[in-house]
Structure formats: C-alpha cells, structure tokens
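All remarks here apply to the structure that follows.
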C-alpha cells in the first residue's frame, strides 16, 4: 500500500463553496495533506477550504480543470510527495474509497490508478454516463484494451512519471490525455471500483462545448501520423499560464 505520508490529495475546484469544506475534512481522515486549487472561483471556495485545513492555491481567473490539476500536482511534487490522489471538488467521490486506490498501487506497482464508477452505472446522471461510455469505447478501441471509465477524476498519480509526460490540455479533456500519455509511456494503469455520490448542484461540464473540445483533441490525437507514438515528441510539461496568485499555508 502506498504510504499516506507519501501522498497528497489534490482537489481542483471552481465555485464549490457548498461542498468544499466537508469534502476537505472527510479527505483529511485518510490523507492528512490536502491541496485545493481554487480555479478563479467567485464565491468563498478558497477561504472555506483553507479553514477546513487545506493548503490553498488560487488562480486569478478560471483557467480550466486541466490547468488546475497541473498547478496542484506540481505543488505536491515540488513539496516532495511521490504520489497525488485527485478528487473533484463537488463531493461526487467518496473519500472512503481512497485507501482502495492506495492499496491497488501498492499491490500492482501501477503508476496510475483510476476509479471505475461504471460498475454502478445507473448512479451516474444519464447524459454524463452515456458520454463517458462513448469516450471510453473510443479510447479502448485505440489502445486495444478495456478502459472502463476514462473520465473519472478520482485518480492516484505517480508524480515523477506525470512530470515527464507532455500534457498540454487545460480543460476537461485532461482525463483522457493523462490516461493515454501514461499508456503511451508504457506505464501500468489500473482501475478500481468506486462509489458515485450524487451531487445536488449542476455539473460544470458543458455537454456540447466540452464534447466538441474533446472531439477536437481526439481527432488530433488519433491521426495516423501520431498513432504509433501518440504522445511524441516528448516535451517537458508546460506550466506557463497556471501560476497561482495567492498561497495559503
């Protein structure tokens, strides 16, 4: 099992004042070190997360989930953590599932462990469930292996491996890009069944706009010229444009 002292929780969020404090408190029962990236919220998300015990980084304006994840993962890596466990800020992931991801990484040596919500698919809202399945089928066909839940934000990430990958997307397509980059680098990826907690608020995902953005990413990714080495050329992870304005300790 990955030691909890070697792992930080990273929570990217935007306008999650209703959920963030209880989420941070619950996560800290399993992982004492929590980093919240407030991605330009216009509510009290950052202050509430800080009061609940998280280290908070604020973007001056909304840059997108991918950019927020990049900021949080970089912070954890620079602070000496070997692993980061990411969760969405709306409370849809059960903190009680965190030990299962840590255990799977310890058992298998996987560099990326992803939660699989689709073993209990009816608990996921209808539209998000069908979009997730459609995206997961496309990525499964390209890789030749079954990838049951490619869009889940509950993930355990080996930070040194992540830092060496050429990840560039700034918004919701980051989940797909990260998964494919780990696989292209020859890294072991595992999936673990996790629960789905129905969130009372509307998702920040915009089904039409975000699906179109994902399609653009997919078309670029799956072109014949890049299919044999889809993440080439290897680039250093770009962190420009994601520098936080405020830090809390």
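Things to note:
- Candidates in the stretch 143-177 are the residues that are touching a strand residue (DSSP E or B) at 6+ places or on another chain (Cβ under 6 Å) and farther than 16 Å from residue 72 by Cβ; of these, the one that is surrounded by the fewest Cβ atoms within 10 Å (Cβ to Cβ) is 148.
- Count of the stretch 1-23 residues which are surrounded by fewer than 24 Cβ atoms within 10 Å (Cβ to Cβ) and in a helix (DSSP H, G or I): 5
- Any chance residue 137 is closer than 24 Å to residue 22 by Cβ and either modelled with pLDDT under 95 or touching a helix residue (DSSP H, G or I) at 6+ places or on another chain (Cβ under 9 Å) (or both): no
- In the stretch 172-196, the residues that are within 14 Å of residue 142 (Cβ to Cβ) and over 15 Å from the mean Cα position of the chain (by Cα): 183, 184
- Of the residues making up the stretch 35-70, those that are surrounded by 22 or more Cβ atoms within 10 Å (Cβ to Cβ), touching a strand residue (DSSP E or B) at 6+ places or on another chain (Cβ under 6 Å), assigned to a helix (DSSP H, G or I) and at pLDDT 95 or above are 45, 46, 49, 68, 69.
The values are calculated or read from the model by the stated rules, or taken from the named source; none is laboratory data. From a predicted model like this one, the values you see are computed outputs, not experimental measurements. Cβ coordinates were reconstructed from backbone atoms using ideal geometry, including for glycine residues, and neighbour counts include every protein chain displayed.
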